Amino acid sequence: MQHLIWNIDPIFIEFGFLKIRWYGLMFATGFALSFMTMQWMYKREGKNIEELDTLLWYMAVATIVGARLGHTLLYDPAYYLSHPLKILAIWEGGLASHGAAVAIIFGLYLYGRRSGDGFLWLLDRVPIPTALAGACIRVGNFFNSEILGTPTDVSWGVVFARIDDLPRHPVQLYEAFSYLIVYGVALQIYRKTHDKPLKGLVFGCFLCMMFFARFMLEFFKTEQAMYDNGFILTTGQLLSMPFFMVGLGFIIWSMRNYRAKLIG
């Protein structure tokens, strides 16, 4: 059976000492597309678009710091604590969506206090473009030949020649496609509910969809954690479960409040 042989150089273009990697390019593309989505939402709701510059910085820092710390401290703490400077090497790849999620929520809280925008208002909007950025980042992982899938015999299996000669599930692309679906569905929920008293609904749906997808895709991934957690489930699945439950709680809370206001 013929499989795609993936042996792309992770470096997109090189100018002397300056190297632009595919991973960095996809990361930047994700933030650019996310910014455009937020611009559309701000215009739609008559918000000051100039405020987005500050919000973008909050989200960029939160995403990078949270995702990197999440990967280094949750998946391979022994290595990174013994090589602390490697924590800064984000161009080598290695970002955890769980760490990014926590940091983004904290960043939104800080930004909301500074700007006066409601915390829940931000939670129902910022996660939508975050899913789009996540899709782009996973494509960057594909270019980096990292976050590998399990070996497979399916016709669309990919051989990552820089790693080994085994055809594997292109789980990075599975995840990117899943995040695009999350983006599309969350955007539609926002369009239908943004002018209704359903605070927290979009955020709750986002968490449930995002981390349900993440939980299921772990079955097609090689274990990323460099240690045995002692459970049948992977570290990624164990970390996804609390986020899914929080999302479910937000959905129930939002719907109950909405019904209470209708009755009242």
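The values are calculated or read from the model by the stated rules, or taken from the named source; none is laboratory data. What you see is a predicted model; the values in this text were computed from it and never measured. Methodologically, a virtual Cβ is constructed for each residue, glycine included, from the backbone with ideal geometry; neighbour enumeration extends over all protein chains shown. With ligands, DNA and RNA removed, areas are computed over all heavy atoms of the protein, side chains included. Shrake-Rupley method; radii C 1.70, N 1.55, O 1.52, S 1.80 Å.
Computed quantities for the displayed model
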read-out	value
Top-ranked residue of the stretch 47-56 - restricted to ones that are over 17 Å from the mean Cα position of the chain (by Cα) and either in contact (Cβ under 8 Å) with a residue 12 or more places away in the chain or assigned to a helix (DSSP H, G or I) (or both), ranked as surrounded by the fewest Cβ atoms within 10 Å (Cβ to Cβ)	Asp53
Pairs where the first residue, in the stretch 106-135, is closer than 22 Å to Thr193 by Cα and the second is modelled with pLDDT under 90, C-beta under 6 Å, 6+ apart	Phe119/Gly112; Leu122/Gly112
Only one of Ile251, Ile232, Ile181, Ile263 that is open to solvent by less than 70 Å² (accessible area, probe 1.4 Å) and out of contact with any Ser or Thr (no Cβ under 6 Å at 6 or more places or on another chain)	Ile251
Every residue from the stretch 196-215 that is without any contact (Cβ under 8 Å) to a residue 40 or more places away in the chain and either out of contact with any helix residue (DSSP H, G or I) (no Cβ under 8 Å at 6 or more places or on another chain) or part of a loop (DSSP other than H, G, I, E, B) (or both)	none
Any hit, the stretch 69-91, residues being over 17 Å from Leu239 (Cα atoms), open to solvent by less than 30 Å² (accessible area, probe 1.4 Å) and touching a residue at least 12 places away in the same chain (Cβ under 8 Å)	no
Hey, Ala213 buried (at least 16 other Cβ atoms within 10 Å of the Cβ) and among the aliphatic types (A, V, I, L, M) or not	yes
Filtered residue count, the stretch 158-178, keeping only those that are within 23 Å of Phe244 (Cα to Cα) and either of a type in the set (Lys, Arg) or open to solvent by less than 40 Å² (accessible area, probe 1.4 Å) (or both)	5
Looking only at the stretch 186-197, and only at residues there that are open to solvent by less than 60 Å² (accessible area, probe 1.4 Å) and farther than 13 Å from Glu45 by Cα, the one that is modelled with the lowest pLDDT	Pro197
Residue within the stretch 134-157 that is among the acidic types (Asp, Glu) and either more than 23 Å from Gln188 (Cβ to Cβ) or surrounded by fewer than 17 Cβ atoms within 10 Å (Cβ to Cβ) (or both) present	yes
Residue ID - modelled with the lowest pLDDT, chosen from residues in the stretch 17-46 that are open to solvent by 60 Å² or more (accessible area, probe 1.4 Å), outside any helix (DSSP H, G or I) and over 19 Å from Phe142 (Cβ atoms)	Phe17
